[in-house]
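Structure record follows, encoded as structure tokens.
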Amino acid sequence: MTVSKLMTTAAALAISATAAFADGKVIGFSQIGSESGWRAAETTLTKSQAEERGYQLQFSDAQQKQENQIAALRSFIAQGVDAILIAPVVATGWDGVLQEAKEAEIPVVLLDRMVDSDNSLYLTAVGSNLVHEGEVAGKWLADTVGDKDCRIVELQGTTGSSPAIDRKKGFEQGIAGHDNLKIVQSQTGDFTRSLGKEVMESFIQAENGGKDICALYAHNDDMAVGAIQAIKEAGLKPGTDILVVSIDGVPDIFKAMADGEANATVELTPNMAGPAFDALEAYWKDGTEPAKFLQTESKLFTQADDPAGQYEARKGLGY
Ligand code: AHR
């Protein structure tokens, strides 16, 4: 057999293996919305993963509202989808609808955010260690400022969401024991660029035109990018006058790092769907129960990690 025929046969086998898994399966995906570049990339990757694996994806955009997500889940259950993926906007209030999915024998996989429901109500959760991400950011800042006094302003994520709760907690753990580091302002920017800018403007006003601020910690890169704009408009240099550390690893933060306007980010992979589909496929094949939490990696990037190259590598990936 020629090499090209071999490759054709291998490709055909791969396609039929995928088709055997897909088997006309329908997946309901309840996405939070499009608040950030990271969220956009997660949506893009989930759609492409579903297409590559031969699933029909029913996509529902909740526009940041839990009631829309609950309605979407109820509609998926009524349709009898084969599985549900959900990125839950907040952590509380899911017991009822998850119980309904369980009674309908529809496996549910949580993506990137956690819920406070009993873990018997979902098959598995794919996500990062959100406390650890905050802790990495806090430790980086403590190491970077050393003994210097440092007044920190914090832009929190969506109130009541697991990343806002855990990234705050983790950061506080990261700076614990460094009495020279103090969080002096902390408010939600709802994970959006526009609110990040607006809230940073109010922090700057409250902190002597920004001159009393040593560092910004933002729970995501989009809020940091908005805040960088506010810092520049106040006549200060982001990355120098005010250190900037955030979480996600979106292309725009790498661009800001390459320009010296941001200092560090902790990467969150947007490919949550890959491990989710792998877990579902094993479950459908022979009932394999995945671990209740499938953890993705969290890596720190600083200005020393070729931010221009990171920007180039990521800019076409759907962020
Ligand atoms: O849940 C993950 C967080 O949600 C991302 O860090 C943020 O950008 C998104 O909106």
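The values are calculated or read from the model by the stated rules, or taken from the named source; none is laboratory data. Keep in mind it's a predicted model, so treat the numbers as computed, not measured. Don't worry about glycine lacking a Cβ; one is built from the backbone with ideal geometry, like all the others, and counts go over all protein chains shown. In case anyone asks, the SASA skips ligands and DNA or RNA and just uses the protein heavy atoms, side chains included. Shrake-Rupley method; radii C 1.70, N 1.55, O 1.52, S 1.80 Å.
Here are some notes:
- In Hz, Karplus ³J(HN,Hα) per residue of segment 291-306 (6.51, -1.76, 1.60; θ = phi - 60°; x = Gly, Pro): 4, 6, 9, 9, 8, 9, 7, 10, 10, 7, 10, 10, 5, 7, 9, 6
- GNM flexibility winner over the chain from G177, G274, G239 (Cα, springs under 10 Å): G177
- Residue-count net charge about K299 - beta-carbon cut-off 11 Å; Lys, Arg +1, Asp, Glu -1: -4
- 37 °C / 0.692 mPa s Stokes-Einstein diffusion coefficient of segment 16-93, Kirkwood radius on C-alpha pairs, µm²/s: 252 µm²/s
- Estimated inter-spin distance, D259 and T92, nm [label 7 Å along Cα→Cβ]: 4.0 nm
- Centre separation in Å (Cα based) which lies between segment 132-178 and segment 189-266: 14 Å
- Take every DSSP beta bridge whose two residues both sit in the chain; close to 5 percent of them are antiparallel.
- For segment 260-319, the carbon plus sulfur part of the accessible surface works out to 48%, probe radius 1.4 Å.
- Tensor-based shape of segment 126-269 (alpha-carbon gyration tensor, a/c under 1.5 rounded, otherwise prolate or oblate): rounded
- Applying the Karplus relation 6.51 cos²θ - 1.76 cosθ + 1.60 with θ = phi - 60° to segment 311-316 yields 3J(HN,Hα) values of 4, 4, 5, 9, 5, x Hz, where x marks Gly and Pro.
- Rolling a 1.4 angstrom probe over segment 170-215 with all protein chains present gives an accessible area of which 45% lies on carbon and sulfur atoms.
- Tilt relative to the chain, helix 193-206 - C-alpha long axis, 0 to 90 degrees, to 10: 20 degrees
- K211-Q303 FRET efficiency (beta carbon distance; Förster radius 30 Å; 0.05 resolution): 0.85
- Among A308, A83, A218, residue whose mean-square fluctuation peaks in a GNM of the chain (springs only between Cα atoms under 10 Å): A308
- Listed values for segment 234-240 are Karplus-derived 3J(HN,Hα) couplings in whole Hz (6.51 cos²θ - 1.76 cosθ + 1.60, θ = phi - 60°), namely 7, x, 10, 9, x, x, 10, and x replaces Gly and Pro.
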